[in-house]
Every structure is written in C-alpha cells, then in structure tokens.
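As structure tokens, the structure follows; a few thoughts come after it.
Readers should treat all values here as calculations from the given coordinates under stated rules, not as data from a laboratory. Since we're looking at a predicted model, the values are computed, not measured. Reconstructed Cβ throughout: ideal geometry from the backbone, glycine too, with neighbour counts over all protein chains shown.
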Amino acid sequence: MTTPCKAFFDPGTFTYTYVVYDREGGTAAIIDPVLNYDHKSGRTSEGSNAAVTAFVQEMKLKVDWILETHAHADHLSGAVGLKQALGGKVGIGSHITTVQETFKGLFNLEPALAVDGSQFDHLFTDGEAFDIGGLKARALYVPGHTPACMAYQVEEMIFVGDTLFVPDVGTARCDFPGGDARTLYRSIRRILDLPADTRIMVCHDYPPGGREVRHETSVAEQRADNIHVHDGISEEAFVGMRTARDQTLDMPLLIIPSIQVNIRAGKLPPAEDNGRVYLKIPVNLL
C-alpha cells in the first residue's frame with residue numbers, strides 16, 4: 001500500500017514541502033515548509049503556506065508534526081505560520097544546537113538567543129521512532145551537508161532533505177560551516193542501504209536541460225544512476241569531486257536571512273527598541 005503524500009513545489013527557492021498522512025480525515029506531518037521572502041524588499045509572505053493549509057483543511061487532517069530536515073540556507077522556514085494555522089509540534093534533529101552556536105557567533109546575534117534547541121518543540125535523536133497517526137516513522141541522523149541534517153523515514157518512503165537530489169542533479173554541497181564531504185558520503189550510503197524500492201523524497205530539484213521538476217526517486221534508481229554517488233563511486237572519489245565542485249559554487253541567494261530565522265524554528269529575531277525587526281548582513285565573512 002502506498003502511503004499518501006502530497007508534494008508542493010516553491011519555484012522561487014526550488015523547494016519541495018510535503019504533507020504525509022495516514023488517511024483522509026486522519027493525521028499528518030508537514031515536512032520542510034517555506035515562508036516566502038523577497039530579498040529585494042525584505043518582506044515575507046505566506047503564499048506557499050497557504051497552499052499547504054488549504055490542502056490540509058480540504059483533506060480534514062490533524063497536523064501532529066511540522067518537521068525540519070535541517071536549518072536550511074536557501075529558504076526561510078514556514079513553520080511558525082503553519083503552527084499558528086494548523087497546530088502541530090515543530091521538530092528537528094538534536095544537533096541543531098551545534099548550528100545555533102556556530103551561527104550565533106558568526107552573526108553576533110543577541111546574547112539572549114539560546115543555543116540549546118529550545119526554540120523547537122522536539123529534538124530528534126538518531127533512530128528515534130515516532131508515529132504520524134497510524135504511520136510508523138523514524139528519524140535518521142545524516143550529517144555532512146550540515147552537522148545537524150536529519151532524514152525522516154515514514155513507512156516505505158524517506159524524506160532526505162538536501163542530502164540527496166534526484167539522480168541527474170546529484171548530492172548536496174558540503175562547504176557551509178560544519179559541513180563535511182566524507183561525512184556526507186557515509187550518510188548517503190546509509191540511506192542507500194535501505195531496501196531498493198524505498199521511495200526517496202527530495203527537498204529540492206534544480207532540473208538540468210529544461211526537464212520538468214520531480215520530487216521522487218528510489219534507492220534502486222539512486223544506486224544505479226546518481227551522477228555523484230552511484231554504486232562503484234568510492235569515498236575518496238566522492239570527496240575529491242564534492243570538494244572541487246563546492247569551490248565553484250556561489251552562496252545561496254537567501255543564506256543570510258534564512259539561517260538567522262531557521263535556527264530560531266522559523267521565528268523572526270526579536271524586535272528592537274523601535275519596534276521593528278532586523279536581520280544582519282555580515283560583511284566580508286561568508
């Protein structure tokens with residue numbers, strides 16, 4: 001039996017958000033939601049969240065979880081708006097504390113910002129089992145892209161965040177603070193050791209050659225065709241490729257606002273003494 005899952009694509013950030021649920025009228029989890037952000041004006045909007053909310057309400061679902069695979073560097077989390085509209089607990093991997101500590105220092109954020117993960121409702125540990133209504137789920141620690149990446153295995157599918165993309169796109173970059181190509185390779189092989197028919201749900205697609213975007217692949221397809229880590233690619237070969245490739249990449253467009261918001265579970269920084277909210281831009285640092 002195929003587990004019900006609805007994918008929502010945000011073309012501005014090439015991001016997929018998922019609603020996975022046990023049945024119509026049942027229980028759901030939302031994975032990697034997007035808060036829309038205009039980098040020119042600094043304005044946020046809830047367009048992507050609105051589509052997710054409409055689907056959840058149409059299907060009469062109760063949201064138990066809003067799950068983040070990691071503190072994204074390419075989009076702002078929509079967790080706050082969805083929690084206000086639909087409820088649910090916001091969860092992320094327990095190693096988010098490492099990311100918080102790193103970026104609190106990098107951005108010189110307010111001293112009161114806690115680096116213990118307390119902004120989130122739940123911190124998952126590796127192998128932790130949980131339920132989404134009648135669905136069985138498990139959190140898997142898959143660092144490398146960041147030191148805090150978590151994948152969520154739900155029945156026959158796994159939501160892998162940025163760890164893997166569809167085969168003709170490859171794998172995540174590892175040059176952000178705390179990233180490591182060797183660690184990523186080992187995390188990917190852990191995913192690819194799952195049964196061949198496991199459905200892999202990616203967080204982004206950057207389609208080459210004008211093909212249509214896609215959000216789903218499989219362990220078998222990845223092992224056969226992934227351009228970076230198909231079977232036969234050694235750890236040393238991957239590390240060499242990934243390291244060289246990362247040196248050619250620009251910083252993501254929204255990395256500066258995204259990280260400052262996402263380490264706070266999608267909350268904006270506290271207002272300053274004039275009642276307005278500001279994000280910082282470090283100069284000559286990233």
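Listed by chain and number, the aspartates and glutamates whose C-alpha is less than 12 Å from the C-alpha of residue 62, apart from same-chain residues fewer than 8 away, are 22, 24.
In a GNM of the chain with a 10 Å cut-off on Cα contacts, which of 30, 263, 132 has the highest mean-square fluctuation? Maximum among the listed residues: 132.
For segment 5-262, the share of DSSP beta bridges that are antiparallel, to the nearest 5, is 70%.
Separation of segment 1-68 and segment 95-130 by C-alpha centroid, Å? After rounding, the separation between the Cα centres reads 23 Å.
Percent of Cα pairs in segment 179-286 per distance bin of 10 Å, from zero to the largest separation: 11, 29, 32, 19, 8, 2.
Summing +1 for each Lys or Arg and -1 for each Asp or Glu among the other residues whose beta-carbon sits under 12 angstrom from that of residue 55 gives 0. Phi-derived couplings, Karplus 6.51 cos²θ - 1.76 cosθ + 1.60 at θ = phi - 60°, listed residue by residue for segment 251-268: 5, x, 4, 9, 4, 5, x, 4, 4, 5, 8, 6, 6, 9, 6, x, 7, 6 Hz, with x used for Gly and Pro. Short-range pairs are left out: with C-alpha atoms under 8 Å and at least six residues apart, the relative contact order of the chain is 17 percent. All Cα-Cα separations within segment 5-262 were binned at 10 Å from zero, giving a P(r) of 7, 32, 39, 19, 3, each value a whole percent of the pairs.
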